[in-house]
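In what follows, a single structure is set out as structure tokens and then discussed.
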Amino acid sequence: MPDPAPIDLDSWPRRPHFEHYLRTVPCSYAMTVDIDVTAFVPAVRAAGKRGYLAQIWAITSVVNRHQEFRMCLDEEGAPAVWAETHPAFTVFDAERETFASLWVPFDRDFAAFHEAAERVIAEHAGSPEMFPQGAPPAHTFNVSSLPWTGFTGFTLNVDERSGYLAPIFTIGRYQQRDGRVLMPLAVQVHHAAADGFHTARLVNELRELLADPSWADAPARPRSA
């Protein structure tokens, strides 16, 4: 795992905002939105793919476009940026009524990512351990799903003083409204890492990606010899 790249504080426009929300007024915020998945849902089903894995891949694709959602603190507590982050996601165990937290390396090829994620789930989903693969790597962020209910607001009470800067995503049950299919999505963000502008941009880019799900049925790229 390569080390995160340090941010040049002298030239970073958000330095005062980062320091304010990390040390003076440490805080996070949550934004809950509806994402139109009217085109996404049938496209993923027609491709024979799992909707949850497609959601995770789309979220990760957008997260990796922007350094503010790949931020962390280095060993000295200074801000740094991972070159790429990977999703850690929950898989529910109905018998135990609990979950396992799994992670898969991100692949820009959706079909390849889907195949890798299915292998990890098949191997570990039934584990009684919370982290059957061991502790997730530092360069992961969290995604979870609540397919049993929709919601209009969702907030995690994360200790803002912990220095945890990665975004956290929570997906709700699809809702039908005015002939459209909507997906509730909550995004939890440390304010030191990103402002409302950045989170709104991420949400809007995710909307665009799910509105044109032509990537869902693309074949996996050939493996190199």
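List the residues whose amide H sits under 5 Å from the amide H of Ala193, counting only those 5 or more places along or on another chain, with H placed 1.01 Å from N in the peptide plane.
none
Taking only Cα atoms of region 74-177, what ratio of Rg to Rh do you get with Rh as the Kirkwood inverse-distance radius? Intermediate values should be presented prior to the final figure.
Numbers: Rg = 15.4 Å, Rh = 15.7 Å.
When Rh is taken as the Kirkwood radius, the ratio is 0.99.
In region 42-111, which GluC sites (Glu not before Pro) fall in coil by DSSP and have 11 or fewer other Cβ atoms within 10 Å? Spell out each step's value before the answer.
On the way: sites: Glu68, Glu75, Glu76, Glu84, Glu95, Glu97; in loops: Glu75, Glu76, Glu84, Glu95, Glu97.
For GluC sites (Glu not before Pro) across region 42-111 that sit outside H, G, I, E and B with at most 11 neighbouring Cβ atoms in 10 Å, the list reads Glu75, Glu76, Glu95, Glu97.
For the chain, what's the relative contact order in percent, using C-alpha pairs closer than 8 Å and at least 6 residues apart? Don't skip to the answer; put the middle values down first.
Details: 391 pairs, mean separation 71.2, N = 225.
The value is 32 percent.
With +1 on the Cβ of every Lys and Arg and -1 on the Cβ of every Asp and Glu, and nothing else charged, how large is the dipole of the chain about its Cα centre, in debye rounded to the nearest 20? Mind showing how you got there, number by number?
Values: 19 positive and 28 negative charges, 121 e Å.
Roughly 580 debye, rounded to the nearest 20.
Read phi for every residue in region 163-170 and hand back ³J(HN,Hα) as whole Hz from Karplus 6.51 cos²θ - 1.76 cosθ + 1.60, θ = phi - 60°, with x for Gly and Pro.
Once rounded to whole Hz, the list reads x, 7, 9, 6, x, 10, 10, 10.
At a 1.4 Å probe radius, carbon and sulfur cover how many percent of the accessible area of the chain? It would help to have the intermediate numbers written out before the result.
On the way: 5930 of 11490 Å².
Here it works out to 52 percent.
What spacing in nm lies between the two simple spin-label points modelled at Val41 and Leu9, each 7 Å away from Cα in the Cβ direction?
4.9
Residue by residue through region 39-54, what is 3J(HN,Hα) from phi via Karplus (6.51 cos²θ - 1.76 cosθ + 1.60, θ = phi - 60°)? Round to whole Hz and write x for glycine and proline.
Karplus values, whole Hz, x for Gly and Pro: 7, 5, 4, x, 5, 5, 5, 5, 7, x, 9, 7, x, 4, 5, 5.
I'd like to check one number: the per residue accessible area of region 1-144, probe 1.4 Å, reported in Å² as a whole number.
Working: 6990 Å² over 144 residues.
Accessible surface, normalised per residue, equals 49 Å².
For the pair Glu208/Glu123, report the inter-label distance in nm, with labels modelled 7 Å from Cα in the Cβ direction.
3.6
If you compute semi-axes √(5λ) of the Cα gyration tensor in Å for the structure shown, which of (i) 28, 21, 19; (ii) 34, 19, 16; (iii) 34, 23, 14 do you land on?
Computed from these coordinates, semi-axes √(5λ) of the Cα gyration tensor in Å corresponds to label (i).
Under 5 Å between amide H atoms, partner at least 5 residues away or on a different chain: which partners does Phe99 have, H built in plane at 1.01 Å?
Asp93
So who's got an amide H within less than 5 Å of the one on Thr140, skipping anything under 5 residues away but keeping other chains? H placed 1.01 Å off N, in plane.
Those lying under 5 Å, H to H, from Thr140 are His86.
Whole-Hz Karplus ³J(HN,Hα) for region 57-67, in order, using 6.51 cos²θ - 1.76 cosθ + 1.60 and θ = phi - 60°, x for Gly and Pro?
3J(HN,Hα) across region 57-67, in whole Hz: 4, 5, 4, 5, 4, 6, 4, 6, 7, 10, 5.
Helix-only mean residue ellipticity at 222 nm, the chain, DSSP H runs n ≥ 4 weighted -39,500 (n - 2.57), per residue, nearest 500. What is it? Don't skip to the answer; put the middle values down first.
Values: 5 runs with 56 residues, N = 225.
Helix contribution divided over all residues of the chain: -7500 deg cm²/dmol.
Restricting the count to DSSP beta bridges whose residues both fall in the chain, what percent are antiparallel, rounded to a multiple of 5? Could you put the intermediate results ahead of the total?
On the way: 27 of 36 bridges.
Among the beta bridges of the chain, antiparallel pairing accounts for roughly 75 percent.
The values are calculated or read from the model by the stated rules, or taken from the named source; none is laboratory data. Just so it is clear, the structure is predicted and the values come from calculations on it, not from any experiment. When we count neighbours, we look across all protein chains shown, and the Cβ atoms used for this are built from the backbone with ideal geometry, even at glycine. Quick note on the areas: whole protein, heavy atoms, side chains included, nothing else; ligands and nucleic acids left out. Shrake-Rupley method; radii C 1.70, N 1.55, O 1.52, S 1.80 Å.
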